[in-house]
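First comes the structure, then the notes that go with it.
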Amino acid sequence: MSSLGLSPFLYSLIVLQVCFSSQLEDNKIPPSLCTGHPGIPGSPGINGGPGQPGRDGRDGRDAAPGEKGQKGDRGDPGETGVRGLTGDKGYAGEKGERGQPGECAVAPKSAFSVKLSQSHAFPLSVANAVLFDTILLNEQGDYNAETGRFTCKVPGVYYFAVHATVYRASLQFDLMKNGHAVASYFQYYGNWSKPASLSGGTMLHLVPGDQVWVQMALSEYNGFYSSTKTDSTFNGFLVYSDWKNSAVFA
C-alpha cells in the first residue's frame, strides 16, 4: 500500500512524459516535405573602407648591366633660340709679334718726256730711231737717250705722243713697236716762211721687254726741226698697269 501511495505522483510524471513524447514524435515532418524555393538575392553590400598600407618589400638585387643599345635616329633641328644679350667688353689682349713686311702698296710708275736738240735736227737717217737726246723727264730710266727707244718694264696700257716742228722740208715718221709701225704721220711742206707743226698720239698695250720709238719713213721727208723757240718732242706714260699676279697692282 505504501508503494501505492507514491504511485500517483510517479504515475503522473510517467504519463506526462509519455504523452509529451508521443506528441513530439507525431509533429515530426519528413525530410522529403521540407524542400523550399530559392530565396531572392540580397542587395549588394556597402563598399568596404580602404585597407591599411602594406609593408615595404625587400630591396631588389642589382642585375648585370644590359647590352648597349643601337644608336637612335637623329632628331629634328630645334628652333633658333633668342639672341642673347651683348656680353661685357673683354680685357685687352697681349700685343702680338711683328708681322712680315707686306707687299708695297705704291702703284707702279713709268713716264718720260724728251726732245730733239738743235745739234740733231739734221740730218736724220731713214729706218733708224729718231734720237731725242735731251731728257726732260725719265725718272724710271725706261727711255734710252742713246738708242732713242723706250723699253717697257711694267705691263699695262701706255699713251705715246709725238710733237714735231716741220721746217724747210716735208716730214713723215712712224711710231714703232717692236719693229712694226703702229701709227704714221705726214706733213707736207709748202715753202712756208715759218715752221709748221705735226702732232699725233696713240695708246698701246705693252708687256715687259716691248720697245717703242719714233722712226723716219722716207729720206726726202725728214723735216724735223728744233730751235731755241720751237721744239720737237716725244712723250710716253703708263695709263694703268695689269699686274695679274698682284692684288696691289690689279
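The values are calculated or read from the model by the stated rules, or taken from the named source; none is laboratory data. Not measured: the values here are computed from a predicted model. FYI the Cβ positions are ideal-geometry reconstructions off the backbone, even for glycines, and counts take in every protein chain you see. Please note that ligands, DNA and RNA were not included when accessible areas were found on the heavy atoms of the full protein model with its side chains. Shrake-Rupley method; radii C 1.70, N 1.55, O 1.52, S 1.80 Å.
Scan segment 104-121 and tell me whether some residue there is part of a loop (DSSP other than H, G, I, E, B), of a type in the set (D, E, K, R) and surrounded by fewer than 16 Cβ atoms within 10 Å (Cβ to Cβ). Please lay out each step first, then the result.
Taking segment 104-121 and keeping what is part of a loop (DSSP other than H, G, I, E, B), we get 104-110, 116-117, 121.
The next check asks that each one be of a type in the set (D, E, K, R); those that pass are 109.
If we keep only those that are surrounded by fewer than 16 Cβ atoms within 10 Å (Cβ to Cβ) as well, we get 109.
Yes, segment 104-121 contains a residue that is part of a loop (DSSP other than H, G, I, E, B), of a type in the set (D, E, K, R) and surrounded by fewer than 16 Cβ atoms within 10 Å (Cβ to Cβ).
Condition check ((1) open to solvent by 70 Å² or more (accessible area, probe 1.4 Å); (2) at pLDDT below 80) across all residues:
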{"site": "Gly39", "(1), (2)": "no, yes"}
{"site": "Gly45", "(1), (2)": "no, yes"}
{"site": "Gln52", "(1), (2)": "yes, no"}
{"site": "Gly57", "(1), (2)": "no, yes"}
{"site": "Ala64", "(1), (2)": "yes, no"}
{"site": "Glu67", "(1), (2)": "yes, no"}
{"site": "Gly72", "(1), (2)": "no, no"}
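All told, Ala161 meets the bar of being open to solvent by less than 90 Å² (accessible area, probe 1.4 Å), within 21 Å of Met203 (Cβ to Cβ) and aliphatic (A, V, I, L, M). Comparison of Val106, Val162, Val166 shows that the only residue that is modelled with pLDDT of 90 or more and not basic (Lys, Arg) is Val162.
The one condition from (1) modelled with pLDDT of 90 or more; (2) under 19 Å from Thr134 (Cα atoms) that Gly209 does not meet is (2).
In segment 143-156 there is no residue that is part of a strand (DSSP E or B) and either modelled with pLDDT under 90 or farther than 27 Å from Leu238 by Cβ (or both).
Okay, residues lined up against (1) out of contact with any Lys or Arg (no Cβ under 7 Å at 6 or more places or on another chain); (2) at positive phi; (3) surrounded by 16 or more Cβ atoms within 10 Å (Cβ to Cβ):
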site	(1), (2), (3)
Ala181	yes, no, no
Phe186	yes, no, no
Lys194	yes, no, no
Gly201	yes, no, no
Gly209	yes, yes, no
Val212	no, no, yes
Ala217	yes, no, yes
Asn235	yes, no, yes
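When restricted to residues that are modelled with pLDDT of 85 or more and either open to solvent by 60 Å² or more (accessible area, probe 1.4 Å) or in a loop (DSSP other than H, G, I, E, B) (or both), segment 122-141 contains 11.
Counting the residues of segment 221-233 that are closer than 11 Å to Phe173 by Cα and either open to solvent by 30 Å² or more (accessible area, probe 1.4 Å) or among the polar types (S, T, N, Q) (or both) gives 2. In this structure, does Gly209 turn out to be farther than 21 Å from Gln118 by Cα and over 53 Å from the mean Cα position of the chain (by Cα)? Answer is no for this residue.
Kindly check whether there is at least one residue in segment 186-201 that is among the charged types (D, E, K, R) and within 18 Å of Tyr143 (Cβ to Cβ).
no
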